[in-house]
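A quick write-up on the structure given underneath.
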Amino acid sequence: MPKIHKLLVANRGEIALRIMRTAREMGIQTVAIYSEADRNALHVRYADESVCVGPAPSSESYLRADVIIDVCNRLNVDAIHPGYGFLSENANFARLVREAGLIFIGPSPESIEVMGSKLAAKAAVAHYNIPMVPGTPSAITDRAEAKIISSQIGYPILIKASAGGGGKGMRVVENEVEFDEQMDRAVSEAQSAFGDGSVFIEKYVTSPRHVEIQVLGDQHGNIIHLFERECSVQRRHQKVVEEAPSAILTPEIRDAMGRAAVDVARACGYYGAGTVEFIVNDALDFYFLEMNTRLQVEHPVTEQITGVDLVKQMIYIAEGKPLTIKQEDLQIKGHAVEVRVYAEDPANNFLPDVGTLDTYVRPQGNGVRVDDGFEQGMAIPIYYDPMIAKLITYGDTREEAIQKMIRAIDEYQISGVQTTLPFCRFVMEHDAFRSGHFDTGFVSKYFTPDKLTPTPDVTETELAAVLAAYLLENTKPKSNGSATVTTQKSKWKANRLG
Ligand code: MV4
């Protein structure tokens, strides 16, 4: 069995650090790659060795498969972990890695390819009795026939691009009158975005919840699931809050979804870590949508409730070890919530607000995990995803995890850029979220910028007064007998403004 001694992480930011931490715990040497924009990044400093692979744009650095494989050969690297995004779901890259005699820490190129096509994925699982939304099983070639099927299914229907994913290339058709126009648009969008104009039709499930199942498969045919993550709180297909377990699943439905997810993985001979995505309607009927063949951003909530280090499992699997975790050994313990902290201004239509982290103080304490890749004083590069951190809290119950999240958000001190923290706080406080009764329409239904807890719009004079008072209080001699009361709130506020 091949043993991995040296691992290159073909990624940046929080996920590169996250992967290298586990590698280090396992006694594996780490190699970072970086672009010219990331010279001072934490993942570069953390790695045992690091190599600049090109200029800032991803296409000239983090996406340069040839350069990355070349680095591996030069540095005697055994394996590549692709993280998420970038080359992680690129079947050709996985193939090139394999052909270079290296280990790709992820599924086979064939699995990536099948699941990268929605239609191929549907075809692959066809014999496994997986619940799927009523629709066309193959690409639409005959419009008249497609219209007949659509009226049989019943409007509204969705036209989806086979090569699409994450909400890209979808069109809702409310009635037959709109059909041709939307079909034209869908096909031309799919053609220009993915170079593949194949589309198919599904019944449109209104107000669905997004529930996904984490799976792990080894190279010997063993596949297990690690329960679900609820990811319904999202904005324009960008997840904002994720949690595990879901507040609405019963043990029976969880079990059925878990078994369906394992079957989906089995259908494509899956090994590695993967995520099977379902939509769930208000009657708790669930339907398979697609499978993501990578480690996902929100994997930590699963780690918190199962105690399994998913990256460690991915490495063992890549080495060819059989899974040692049995399905019956796994149980959900406690509840975990994750919020994504973006350098975006929630008061201004979530406009990216890149800049320098003038103040950056992480929350700490029991049940708080921060996965990030920045330190105070660092600039957030404009070239990549503006996610600053993932803030994860863990408690015995959902309520406890939420209360911890509110506490942690209030402790987090970031200045220099606007962040989505106030928006995340709004979600945590919202009755619909707290009750567990929400769907993918949560943000558009409930959020407007005026719902953000007003951070006082302080003028410079007021700010000076607050600071003066703060400094006076804190530089007073302690022994004058009279107690000085500084409230926690005012302390944090002074910090935040400074
Ligand atoms: C759907 C759907 C309703 N009906 N399919 C969006 C992302 C992609 N993975 C699938 N998506 C959807 N597919 C049918 N037949 C609604 C969505 C959808 C959605 C799904 C998960 C999370 C957020 C979403 C937001 C809008 C639409």
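Determine the shape class of the range 91-158: with a ≥ b ≥ c the square roots of the Cα gyration tensor eigenvalues, call it rounded for a/c under 1.5, and otherwise prolate if a/b is greater than b/c, oblate otherwise. Could you put the intermediate results ahead of the total?
Working: a/c = 4.16, a/b = 2.73, b/c = 1.53.
Because a/c hits 1.5 or more and a/b exceeds b/c, the range 91-158 counts as prolate.
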Kindly flag which residue pairs out of K168/K404; K404/K445; K122/K160; K118/K390; K147/K203 have an alpha-carbon separation exceeding 23 Å in this structure.
K168/K404; K404/K445; K118/K390
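Quick check on the range 209-451: take the gyration tensor over C-alpha atoms, sort the square-rooted eigenvalues as a ≥ b ≥ c, and tell me if it's rounded (a/c under 1.5), prolate or oblate. Intermediate results must be reported in sequence, preceding the final value.
Values: a/c = 1.85, a/b = 1.47, b/c = 1.26.
The shape class here is prolate.
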Full-extension gain between E181 and C52, please, as 0.36 nm times their residue separation minus the C-alpha to C-alpha distance.
41.7 nm
On a 0 to 90 degree scale, rounded to 10, what angle separates helix 179-194 from the longest Cα axis of the chain?
70
Computed accessible area, D255, all protein chains, 1.4 angstrom probe, square angstrom:
70
Calculate the length of the line joining the C-alpha centroid of the range 59-73 to that of the range 78-115, in whole Å.
13
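Calculate the tail of P(r) for the range 125-186: the fraction of all Cα-Cα distances greater than 18 Å, expressed in %.
On the way: 677 of 1891 pairs.
Distances greater than 18 Å cover 36 percent of the Cα pairs.
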Carbon and sulfur together cover what percent of the accessible area of the chain at a 1.4 Å probe radius?
50
With a 1.4 Å probe and all protein chains left in place, how much accessible area per residue does the chain have, in Å²?
44
Cα centroid separation, the range 429-449 to the range 391-406 (Å):
17
q = 0.14, 0.16, 0.17, 0.19 Å⁻¹, the range 6-105: log10 I(q)/I(0) [Debye, one scatterer per Cα]
-0.43, -0.57, -0.64, -0.82
Asserting the computed 222 nm helical MRE of the chain (DSSP H runs at least 4 long, -39500 (n - 2.57) per run, divided by residue count, to nearest 500) equals -10500 deg cm²/dmol
How much of D78 can a 1.4 Å solvent probe reach, expressed as accessible area in Å² and rounded to 10?
40
Scattering from the C-alpha atoms of the range 51-184 alone, worked out with Debye: what is log10 I(q)/I(0) at q = 0.15 1/Å?
-0.82
Taking only Cα atoms of the chain, radius of gyration then Dmax in Å
24.2, 89
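The values are calculated or read from the model by the stated rules, or taken from the named source; none is laboratory data. These figures come from a predicted structure and were not determined experimentally. What goes into the accessible areas is simple: the full protein's heavy atoms, side chains included, and nothing from ligands, DNA or RNA. Shrake-Rupley method; radii C 1.70, N 1.55, O 1.52, S 1.80 Å.
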